[in-house]
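Single-structure report; data block below.
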Amino acid sequence: MDYKYIEQLLDRYFRAETTLQEEQILRTFFTQGEKDMPQELKQYVPLFAALSEQPALGNDFDERIIAMLSADSAPAQPKQVKARTIRLYDRLRPLFAAAAMVAIILTVGSAVNQSLRHDNTWMDVDEYASMRDNSKGPSVAFDQVNDSLTRAKDDIPVAISPDTLMKGNMD
């Protein structure tokens, strides 16, 4: 058998340039299962075996498809569509989500900015290292931490004075 012709047909088949007769030649060749077929052609045997097992569409295929399409295109009753009321809250919900995202980003950015600033640190690294290396006992370490917290408390602005909290609102 002329395997060069089959290889040329395969090349044309995979480029979608073959005629129906040439495709039939390929199906026939690969379903015969020649024993002396080259190894590079044996890899196509399962492909053409599967293609030859496909059922034929038949001569009335076009009429069946047209009948199915015409049955689907003419519905018996038009679909009823219910009106849906959209509230103002539903319309503004995407804006609420966007505002929440902006608030989160600004809060995180402010926290990162505050943590990266070195001018209002509460405790220096040297103070922390001296507390860790302190072997005089926990009471000395407690006193140092207490002093650091007292200094930090002085740096925090107070919005409400303690007197107004104690008096309360008696009205």
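Has region 71-82 got any residue that is farther than 30 Å from residue 13 by Cβ and at pLDDT 85 or above? If you could, list the steps in order and put the result at the bottom.
At the first step, the residues of region 71-82 found to be farther than 30 Å from residue 13 by Cβ are 71-82.
Next, only the ones that are at pLDDT 85 or above stay: 82.
Scanning region 71-82, I find at least one residue that is farther than 30 Å from residue 13 by Cβ and at pLDDT 85 or above, so the answer is yes.
For region 84-112, enumerate the residues that are open to solvent by 100 Å² or more (accessible area, probe 1.4 Å) and among the charged types (D, E, K, R).
Result: 84, 87, 91, 93.
The values are calculated or read from the model by the stated rules, or taken from the named source; none is laboratory data. Not measured: the values here are computed from a predicted model. Cβ coordinates were reconstructed from backbone atoms using ideal geometry, including for glycine residues, and neighbour counts include every protein chain displayed. Remember, those area values only see protein heavy atoms, side chains included, never the ligands or the DNA or RNA. Shrake-Rupley method; radii C 1.70, N 1.55, O 1.52, S 1.80 Å.
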